[in-house]
1. Of 188, 173, 24, which is farthest along the charge dipole of region 11-210 in the positive direction, counting Lys and Arg as +1 and Asp and Glu as -1 at C-beta?
2. Between residue 292 and residue 214, what is the spin-label point distance in nm, taking each point 7 Å from the Cα along the Cα→C-beta axis?
3. Using 7 Å Cα-to-Cβ label points, what is the residue 41/residue 79 separation (nm, one decimal)?
4. What FRET efficiency do you get for residue 270 and residue 336 if R0 is 41 Å and r is their Cβ-Cβ distance, rounded to the nearest 0.05?
5. For residue 343, which sequence-distant residues (separation of 5 or more, or a different chain) have an amide H within less than 5 Å of its own amide H, given hydrogens modelled in the peptide plane?
6. Under a crude label model (7 Å from the Cα following the beta-carbon direction), how far is residue 55 from residue 30 in nanometres?
7. Provide the packing ranking of 385-395, 53-63, 316-326, i.e. peptides ordered by the mean count of other C-beta atoms within 10 Å per residue, highest first.
8. Please list log₁₀ I(q)/I(0) at q = 0.08, 0.11, 0.14 Å⁻¹ for region 11-210, using the Debye equation with identical point scatterers on the alpha-carbon positions.
Amino acid sequence: MTELFKFLKAMASTTAFRLATGTAAVFVVIAGLLLAILFWQTNQVLTDQVMTALTAESEALRIEAQTISTGALIESIAARSRPDGPGLYFLADPTGKKLAGNLSRQPPETAGSDARGVFRYRPDIVSSKRERLGVAMAIPLPRGERLVVGRDIEDQRTFADGIKRLFIWSFIALTIAGLATALLISRIVLRRIEAMNVASQQIMAGDFSRRVPLQGSGDELDGLAANLNAMLDRIEQLMAGLREVSENIAHDLKTPLNRLRNRVEAALREPDSAPTFRDALERTIEDADDLIKTFNALLLIARLEATALDKSAEVLECGALVRDVAELYAPVAEEIGLTLEIAIRPTPPIRANRQLIGQAVANLIDNAIKYAPASSQRATRPLIRVEVAATASEVEISVADHGPGIPSHDRERALKRFVRLDESRTKPGTGLGLSLVAAVARLHAGRVSLDDNHPGLKVRLLLPVRLDVASPAPEPLTSPSVAKELSGVGATKP
């Protein structure tokens, strides 16, 4: 009993139970009002029927008494006074002596002239010992006789009492059903909420692979659980990225820091020599600049993955932006014996951050130039193709080269931070260029695809066409605030 009381107390304190109970209470009250109205209306109809019939018969007897003798009236009342009939009659002379009728006496409720009322009587039947309920009215007669005409309403009263009992029991049943329904609904809802709480507690305890269970009904709670799971997936990705960054910093930045420190120590061990110190300081500054660029890239990627597209976005034409960036790199490609081909097809405008899209395109072109084969290895000048095209829902920016490419099993790994494949170990860089492109794509709800160019690599940046928000005034590609942040992030500045 104690456990049941605790369960009911805990259940009553929940919002689900209060809402369900409130809804059930409103339903019960409305149903009770409807039953009460039905009971009153039924009783009123029965009463109107009895009084209408009683009034009509009283008027007929009054008119009849004016045209016939007292003896004929006695015979008429005696004929109407059936022991088992619904009609009730009492006829007396002016002194009060009973002349005819099936009532033993005149009801006190009808003692006055034109009086009427409800009374109890005992029928003139020897076998009947129970009083019954009747309604009657007095009719004044011209010769001084007293006539009372009534109707037995015991059956109507029994019917009304039955309706009343039905109303009471129905109200009790509705109340119990409402409470039971409230308990059932709250129990069902609480069971699902409890499953969410258990999953949340396990996640807070460190089990980040745990997810909120879905019932499969597709209702609001399933929608909430699906959104929570999507949020948990995103949080898990961010935390995995944070762990990866920490590990990358520990491994990939340790070597340049050690090299920088060893160079300074070596310079200090040398005899006093201004040229030696100057050379050591210059190389130290170069290494420090590379480290700063790497940290800037990491911070920018982290910011892109942790924020959403905001007021920095604008509606822009990708074709013109890509053409501007590609033309900046054309002299660099020409200088090392490469051909940079630009193919721009008409595309719908997209909503995007101009600087980030430009930086992503610059990273892709820089990588293509960096890993393109030397011109002596081919009969013709190596080709780098920059292309912009569109589908029904996406704008595609692609950069293709004829370099060593990336094996299919390494393409997903190549989009992660600090990943440098064996073929790229001899090339300068930090391994953050493609990571930044992937982060820019995710920020714009897009994607990055690495495909085989037969030979070489074709990188496709696919951005969704979205014009749902008006854009602010466009910011120049080379604005000082953005240029300072993006300088040196994965791309070689021409």
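1. In region 11-210, that residue is 188.
2. Inter-label distance under the simple model: 4.9 nm.
3. Simple spin-label model gives 4.1 nm for this pair.
4. Numbers: r = 37 Å, r/R0 = 0.89.
Calculated transfer efficiency: 0.65.
5. Here 386, 387, 388 satisfy the definition.
6. It works out to 3.7 nm between the two label points.
7. Numbers: 385-395: 17.0, 53-63: 14.6, 316-326: 19.4.
Order by mean packing, descending: 316-326, 385-395, 53-63.
8. With no solvent term, the Cα-only Debye profile gives -0.49, -0.67, -0.86.
Read-outs throughout are calculated quantities, based only on the coordinates presented, and are distinct from any laboratory measurement. This one's a predicted model, so the numbers in the text were calculated from it and none came from an experiment. When we count neighbours, we look across all protein chains shown, and the Cβ atoms used for this are built from the backbone with ideal geometry, even at glycine.
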